1. I want to check the label-to-label distance for SER71 and ALA36. Put each point 7 Å from Cα in the C-beta direction and report it in nm to one decimal.
2. Taking DSSP loops as anything outside H, G, I, E and B, show the longest stretch in the chain free of trypsin sites (Lys or Arg not before Pro) there with at most 14 other beta carbons within 10 Å.
3. Hey, rough spin-label estimate for ASN11 and SER93, points 7 angstrom out along Cα→Cβ, what's it come to in nanometres?
4. Roughly what would the spin-label model give for LYS104 and THR85, points 7 Å off Cα along C-beta, in nm?
5. Any idea what the dipole of the chain comes to, in debye rounded to 20, about its Cα centre with Lys/Arg Cβ at +1 and Asp/Glu Cβ at -1?
6. If you average the sequence gap of Cα pairs under 8 Å that are 6 or more apart and divide by the length of the stretch 1-85, what percent do you get for the contact order?
7. What is the list of residues in the stretch 1-26 whose amide nitrogen lies under 16 Å from a point 7 angstrom out from the Cα of ARG112, following Cα to Cβ?
8. Counting only helical runs of four or more DSSP H residues, what would the 222 nm mean residue ellipticity of the chain come to if each run contributes -39,500 (n - 2.57) and the total is spread over all its residues?
Amino acid sequence: MGKSVSINLPNGRSWSKKGDAVEHFKAMLARYSDGARVTDAGDHDDLAALLQVYDSVLSPGEPTKVGSGISHFERRKDQDHPGDTSCFFVVRSDGTSIDFSTRKALDVAGSRTP
């Protein structure tokens with residue numbers, strides 16, 4: 001049996017198993033409809049902390065998901081990938097936005113040592 005991977009975010013949220021974190025963010029996405037802004041402060045904090053971890057492994061000069069700063073998060077249809085999928089988008093303080101994969105970000109979080 002493989003070793004359990006824990007997830008620890010900088011906002012203090014943690015899960016002893018990565019699968020539990022995946023389910024947390026999957027359930028969060030399901031709470032919002034396409035086009036809806038993330039309104040729960042705890043959801044916002046968890047998403048911001050997840051992006052902080054994701055951006056922390058980028059090479060210097062590489063564009064970050066956070067960019068100019070986080071204004072808010074939204075659930076939207078993902079137009080750049082095939083299929084009928086929805087995901088979270090970070091809307092930056094300069095008005096630009098970009099999608100991100102919570103699963104990819106959790107992969108990064110799971111590969112970090114606490």
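Values in this text are rule-based calculations from the coordinates and carry no lab data. All figures in this text were calculated on a predicted structure; none of them were measured in a lab. A quick note on method: Cβ atoms are made from the backbone with ideal geometry, for glycine too, and the neighbour counts reach across all protein chains shown.
1. Rounded to a tenth, the inter-label distance reads 2.1 nm.
2. 32-111
3. Here the modelled spin labels are 1.7 nm apart.
4. Label-label distance for LYS104 and THR85, simple model: 0.9 nm.
5. The dipole of the chain has a size of about 340 debye.
6. Relative CO of the stretch 1-85 lands at 29 percent.
7. 5-18, 21-22
8. -11000 deg cm²/dmol
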